[in-house]
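The values are calculated or read from the model by the stated rules, or taken from the named source; none is laboratory data. Predicted model only: the values in this text are computed from it and were never measured. Reconstructed Cβ throughout: ideal geometry from the backbone, glycine too, with neighbour counts over all protein chains shown.
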Amino acid sequence: MGFPNKRLSVLLALSVAAMAMSGCTRIRTHQGYLVDNLLVDSIQPGTDNRASVEGTLGRPTFVSEFGQQDWYYVARDMKQLAFSNPKVAKQEIVRVQFDTAGTVTSIDKRDASAIARISPKDGSTPTLGRQRTLLQEIFGNIGAVGAAGAGGAPGSGTAN
């Protein structure tokens, strides 16, 4: 009779350990463009144009807002341990630059070192003017505009 209980306790311990280990999983994800270096290397500056680049690489991840409207293809691999914040494991950015006629002038690649790291200071944005609390912001305009119906505003019911 002691054997089944021991076997049951080992099985129970193994199942508890398996559930505990499942909570410590690493999550790996890919975001954005899947860079194929063979396709990227096939684009020739001076020969290819916007239509041929779109036919080879597809639509860009985003287009620059200023200047000659460079095309960017962004690929990012993320990793995360259980419930922690995700971190960039690998990033590659392919930038295709065009001239005014739409012909490719250059192609360059960048990695995660191009990521700008910013750190907000003190969790608030400094502004000019008064320092008001949340309650002052919410209730600050009560009584400041005038009593209701006293100003002769349209629809107030008062006639002058």
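Each row is one residue, and each column tells you yes or no for (1) within 14 Å of Tyr33 (Cβ to Cβ); (2) of a type outside the set (A, V, I, L, M, F, W, C).
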{"position": "Thr47", "(1), (2)": "no, yes"}
{"position": "Ser52", "(1), (2)": "no, yes"}
{"position": "Arg59", "(1), (2)": "yes, yes"}
{"position": "Gly67", "(1), (2)": "no, yes"}
{"position": "Arg76", "(1), (2)": "yes, yes"}
{"position": "Lys79", "(1), (2)": "no, yes"}
{"position": "Ala82", "(1), (2)": "no, no"}
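For segment 22-37, filtering for residues that are of a type in the set (D, E, K, R), more than 17 Å from the chain's Cα centre (by Cα) and modelled with pLDDT under 85 leaves 1. Of the residues in segment 87-94, none is at pLDDT 85 or above and not in a strand (DSSP E or B).
Among residues of segment 46-71 that are over 13 Å from Val94 (Cα atoms), those with a Cβ under 8 angstrom from a residue that is surrounded by 13 or more Cβ atoms within 10 Å (Cβ to Cβ) and among the acidic types (Asp, Glu), sequence gap 6+ or separate chain, pair up as Thr56/Asp48; Gln68/Asp99. Taken together, the residues in segment 102-116 that are touching a residue at least 40 places away in the same chain (Cβ under 8 Å) and under 16 Å from Asp48 (Cβ atoms) amount to 6.
Got at least one residue in segment 96-113 being under 19 Å from the mean Cα position of the chain (by Cα) and surrounded by fewer than 10 Cβ atoms within 10 Å (Cβ to Cβ)? Yes, some residue in segment 96-113 is under 19 Å from the mean Cα position of the chain (by Cα) and surrounded by fewer than 10 Cβ atoms within 10 Å (Cβ to Cβ).
All of Lys79, Lys90, Lys109 fail the test of being of a type in the set (Lys, Arg) and over 30 Å from Thr25 (Cβ atoms), apart from Lys109.
Restricted to segment 81-95, and to residues there that are touching a residue at least 40 places away in the same chain (Cβ under 8 Å) and within 18 Å of Thr61 (Cα to Cα), the residue that is farthest from the chain's Cα centre (by Cα) is Val94. Within segment 66-86, the residues that satisfy the criterion of being modelled with pLDDT under 85, of a type outside the set (Phe, Trp, Tyr) and not in a strand (DSSP E or B) are Gly67, Gln68, Gln69, Ala82, Ser84, Asn85, Pro86.
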